[in-house]
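Right, one structure below, let's go through it.
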Amino acid sequence: MKPVKIGLLGLGTVGSGTVKVLRRNAEEITRRAGRGIEVAHAAARDLSRPRACDLSGVRLTEDPHAVVNDPEVQVVVELIGGDELARELVMRAIANGKHVVTANKALIAKHGNEIFAAAQRQGVTVAFEAAVAGGIPIIKALREGLAGNRIQWLAGIINGTGNFILTAMRDQGREFADVLAEAQRLGYAEADPTFDVEGIDAAHKLTILASIAFGIPLCFDQVSTEGIAAITPEDVEYAAAFGYRIKHLGIARRTGQGVELRVHPTLIPERRLIANVDGVMNAVLVKGDAVGPTLYYGAGAGSEATASAVVADLVDVVRSLTSDPENRVPHLAFQPDALSDLPILPMAEVETAYYLRLSAEDKPGVLADVARILGELGISIEAMLQKEPPSEQDPATIIMITQRVREALMDQAIARIEALSHTRGQVVRIRLEHLNKD
Ligand code: NDP
Ligand code: HSE
């Protein structure tokens, strides 16, 4: 049988990795897919740049529209990034009756509802395994492997760059900016690295995971997002003193009131496997009612690790070329007419435990005032540590771990603690999750 012809948009980190993996593993890939997969036409912005892969036999262009309009191309692989041009190209490819594979989480999180509806009308597939957690086949696991479960919650380290930065700061005491520059050199970071640092990239990925886990439409605008820039070495140290690690987590949880969708730095017990996921590695913990907790681990970014997921999608698409569109696995795991609009909870309604750090004059009665405020709001203190000030003039540092409480109540408590005459500056608050079986 003739090989399937691919059109590749983008020859950067992931695009060049995809060409390399397709060429190196061509024989095994053909045995799996039932047909060869050949890159016929590829686009990049500037063809005078050297490429990290062998492009012999590939037609090259600086016009990505030429690829999506090429009648020879059966599957378009979108690896350009961004969500405007990518949306236009993907919608054009679909309109032209071509299947699409993409690693673009921004595109899927923001425009996925529209894209999947168009793909369904045209009877084509849009595959996006590489969009979440790099090389980890988490989309397939959630959509197919866990299809018998009612998913209760999931929590993941889903940004490789952020985890790379946090790990190097903790283990090597390196500066934030220096580690970020290294992540960019290694090709881990987004074109705009504030997407990694501010949690936007993780929010894109969480949007996709939540949709597939709970059968809800993609709702990126409703994810509550906090980045990693405010994490200080002293909080990392105090967290460790209590037996916790600080990780940047994306969390989606189904509750009786609706769905929690949040990305923020989180203290997690250091004995949890996920607390020990370091560097560019990602991990996603998924709790299903039948299977219990399951953990998926692997490289969250990088050229060939991400290409692994892109090529797996290509193999799936090629295998399904002869199947009826109705018999394919639905894009968002649930049948399109069976998606339900569960309410997304505002952060004020979310319940978590907290790590609090505050500065206060080292005087009798200060701790009692803080404890009284927490007590009046029904917030229990689970552990506490007071660090003596370096000199009599300096404030003392008080660190507390609380039990679970609704965020609205914690906001009130913090406002009242900050208003006390003996406290100094703002209370640092980091959410804490035990990630146990419940
Ligand atoms: P790169 O910046 O390395 O590559 C982007 C490629 O797109 C480049 O080859 C660039 O051309 C090309 N390109 C950009 N704009 C145009 C245009 N207007 N016309 C033609 N070509 C264009 O990005 P990555 O490979 O890192 O990322 C690609 C996608 O994969 C993104 O959506 C990203 O979020 C996602 N992703 C990335 C991962 C990673 O580890 N890097 C992991 C998982 C997903 P030129 O080279 O000439 O500039
Ligand atoms: N910038 C992303 C990350 C790439 O660091 O996780 C993988 O999606």
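Read-outs throughout are calculated quantities, based only on the coordinates presented, and are distinct from any laboratory measurement. Nothing here was measured: the structure is a model prediction, and the numbers come from that model. So basically every Cβ, Gly included, is an ideal-geometry build from the backbone, and we count neighbours across all protein chains shown.
The angle between the Cα long axis of helix 200-214 and the longest principal axis of the Cα atoms of the chain comes to about 80 degrees, rounded to the nearest 10. Against the chain, whose longest principal axis is taken from its Cα atoms, helix 160-172 shows a tilt of about 40°. Both radii are taken from the alpha-carbon atoms of segment 220-327; with Rh as the Kirkwood radius, Rg/Rh is 1.06. Per q in 0.19, 0.20, 0.30 1/Å, what log10 I(q)/I(0) does a Debye calculation on the alpha-carbon atoms of segment 1-57 return? Log10 of I(q)/I(0), two decimals: -0.66, -0.72, -1.33.
Three principal axis extents of segment 138-299 based on alpha-carbon atoms, in descending order, are 44, 36, 28 Å.
Projecting the Cα atoms of 41, 66, 55 onto the dipole axis of segment 38-78, where Lys and Arg carry +1 and Asp and Glu carry -1 at the beta carbon, places 55 farthest toward the positive end. Note on segment 248-323: with charges restricted to the Cβ of Lys and Arg (+1) and Asp and Glu (-1), its dipole about the Cα centre is near 300 debye.
The residue among 430, 75, 200 whose Cα reaches farthest toward the positive pole of the charge dipole of the chain, with charges on the beta-carbon of Lys, Arg, Asp and Glu, is 75. In percent, rounded to a whole number, the relative contact order of segment 277-333 is 22, using alpha-carbon pairs under 8 Å and six or more apart. Counted by neighbouring Cβ atoms within 10 Å, the residues 287, 363 run from fewest to most as 363, 287. Measuring how big segment 350-432 is from its alpha-carbon positions, Rg and Dmax come out at 12.1, 39 Å. For residue 322 and residue 372, the FRET efficiency from 1/(1 + (r/R0)^6), where r spans their Cβ atoms and R0 equals 60 Å, is about 0.25. When the inverse distances between all different Cα atoms of the chain are averaged and flipped, the Kirkwood radius reads 23.1 angstrom.
Let me make sure I get this right: for segment 392-438, a, b and c are the square roots of the gyration tensor eigenvalues over alpha carbons, sorted descending. Under 1.5 in a/c it's rounded, otherwise prolate if a/b > b/c, else oblate. Which is it?
oblate
Full extension of the segment from residue 51 to residue 415, taken as 0.36 nm per residue of separation minus the current Cα-Cα distance, would add 125.6 nm. Residue separation of residue 341 and residue 234 scaled by 0.36 nm, minus their Cα-Cα distance, works out to 34.4 nm of gained length. Among 410, 347, the ranking by other beta carbons within 10 Å of each residue's beta carbon, starting with the fewest, stands as 347, 410. Remark: C-alpha extents of segment 66-139 on the principal axes read 32, 22, 21 Å, sorted largest to smallest. Restricting the trypsin sites (Lys or Arg not before Pro) of segment 253-286 to loop positions (DSSP other than H, G, I, E, B) with no more than 13 neighbouring Cβ atoms within 10 Å leaves 271. Note on segment 350-432: with charges restricted to the Cβ of Lys and Arg (+1) and Asp and Glu (-1), its dipole about the Cα centre is near 240 debye. Model label sites at residue 1 and residue 385, defined 7 Å from Cα along the beta-carbon direction, differ in position by 6.0 nm. Rounded to the nearest 20, the Cβ-based charge dipole of the chain about its Cα centre (Lys and Arg +1, Asp and Glu -1) stands at 1320 debye. Length gained on full extension, residue 257 to residue 222: 11.1 nm, using 0.36 nm per residue less the C-alpha separation.
Work out the FRET efficiency for residue 276 and residue 84 from their Cβ-Cβ distance, taking R0 = 45 Å, and round it to the nearest 0.05.
The value I calculate is 0.70.
Residues 1, 400, 91, ranked from the fewest to the most other C-beta atoms within 10 Å, line up as 1, 91, 400. Rounded to the nearest 500, the helix-only mean residue ellipticity at 222 nm of the chain stands at -10000 deg cm²/dmol, with each DSSP H run of n ≥ 4 adding -39,500 (n - 2.57). In degrees between 0 and 90, to the nearest 10, how far off the longest principal axis of the chain does helix 303-319 point, with axes built from Cα atoms? Roughly 50 degrees between the two axes.
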